[in-house]
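A quick write-up on the structure given underneath.
The values are calculated or read from the model by the stated rules, or taken from the named source; none is laboratory data. Given the structure is predicted, the values throughout are model-derived calculations rather than measurements. Note: accessible area is taken over every heavy atom of the protein model, side chains too, but ligands, DNA and RNA are not part of it. Shrake-Rupley method; radii C 1.70, N 1.55, O 1.52, S 1.80 Å.
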Amino acid sequence: MSLTELFNQKTVFSLEVFPPKKTADKDTILPTLEQLQSINPDFISVTLGAGGTDHYDRTVEVANLIQNQLKIPAMAHVPGLYQTKQQVLDLLDQLSSINVENVLALRGDHIPDKQPAGDFNHANELVAFIKENRPNFSIASACYPNCHMEATDFVDDIGNLKRKVDSGVDHLITQLFFDNQAFYDFKEKTEIAGINVPIEAGIMPCTNRNQIARITQLSGVPLPKKFRAIMDRYQDNKEAMRDAGIAYAVDQIIDLVSQGVAGIHLYTMNHPGIAKQIWQETRAVINAK
């Protein structure tokens, strides 16, 4: 069953991991993956590190472990900004050779002092290229409930998203967000725009203040008053902050599922213990008919 068909059958629950650094043994991630296997997620996505082709091999290696050793569908991130058409085709062919046929097509973040390759300046160009040249792939892409940082406004952002989806996106995964109302408002905008593909809600459990500060600075995602109160109260208590961050994510997930969200995509940050705890506290809700 393809991932697209899966959304018609159930509330999808998926995970994201990042590959080990090139200086580390690739098998260092195996204990993390084996712990995540017990969750039995619908798929696991693997990021591609900023910097481009130097990280192809690690993404492919980890996707191979997920797809063929753990027997869980793998999804590889494919950012296009710093890749040529040939490099993208090479990566897709490597993925096909290990039976990975799900990708997350992204423009990718700008890297200071690095010149883009020029073949893919926008994600919709990459999506259309993959759809035309490797149509066997199921293509997911990103969306932004709080509006993309580079967009002029939501009208501009939704217009860009519509072009991307019309180029061949099968389903969407949101950037992390901490206010569910932002997701519901965004979902309404996509429906008005005629964007009808499944949208998974990206949830990241934030368990320490430094992590939260770094994420909000990079993503521009605002912190609601409720979350700021948790951070202010428990930032100096590591255990309390961890528990509060998990509880906040659990609350988000339960609310989203009760409102009929197509799926939950959990950004694990390679912390399997936290991911497993969240799954244990939400699985009955997610799996409820």
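If the cut-off is a Cα-Cα distance under 22 Å, which lysines reach Lys276, setting aside same-chain residues fewer than 8 apart in sequence?
Lys10, Lys71, Lys238, Lys289
What is the diffusion coefficient of the stretch 167-232 in µm²/s, taking the Kirkwood radius over Cα pairs and the Stokes-Einstein relation at 37 °C with a viscosity of 0.692 mPa s? Walk me through the intermediate numbers first.
Values: Rh = 13.4 Å.
The diffusion coefficient I find is 245 µm²/s.
Regarding the chain, what are the three Cα extents along the principal axes, ordered largest first, in Å?
On the principal axes, the chain reaches 51, 46, 45 Å in Cα extent.
Tell me the per residue accessible area of the chain using a 1.4 Å probe; a whole number in Å² is fine.
On the way: 13550 Å² over 289 residues.
Here the per-residue accessible area is 47 Å².
Any idea what Rg and Dmax come out to for the stretch 120-162 if you just take the C-alpha atoms, in Å?
That works out to 12.0, 35 Å for Rg and Dmax.
Contact order normalised by length for the stretch 1-107, with contacts defined as Cα pairs under 8 Å and 6 or more residues apart; what percent is it? Intermediate results must be reported in sequence, preceding the final value.
Values: 148 pairs, mean separation 26.4, N = 107.
Rounded, it is 25 percent for the stretch 1-107.
With the full set of protein chains in place, find how many percent of the accessible area of the stretch 77-143 is carbon and sulfur; take the probe as 1.4 Å. Intermediate values should be presented prior to the final figure.
Details: 1330 of 2990 Å².
It is 45 percent, rounded to a whole number.
Let me check against my output: what whole-number percent is the relative contact order of the chain, with C-alpha pairs under 8 Å and at least 6 apart?
Values: 480 pairs, mean separation 57.2, N = 289.
Once normalised by length, the contact order is 20 percent.
Using only C-alpha positions, report the orientation-averaged shadow area of the convex hull of the stretch 73-140, nm², one decimal.
Values: hull surface 17.0 nm².
With the hull built on Cα positions only, its mean projection is 4.3 nm².
With Rg and the Kirkwood Rh both taken from Cα atoms, where does Rg over Rh land for the stretch 154-289?
On the way: Rg = 15.7 Å, Rh = 16.0 Å.
So for the stretch 154-289, dividing Rg by the Kirkwood Rh gives 0.99.
How big, in percent, is the set of alpha carbon pairs in the stretch 1-118 lying more than 17 Å apart? List each step's numbers first, then the result.
Working: 3829 of 6903 pairs.
Here the long-distance tail beyond 17 Å is 55 percent of all Cα pairs in the stretch 1-118.
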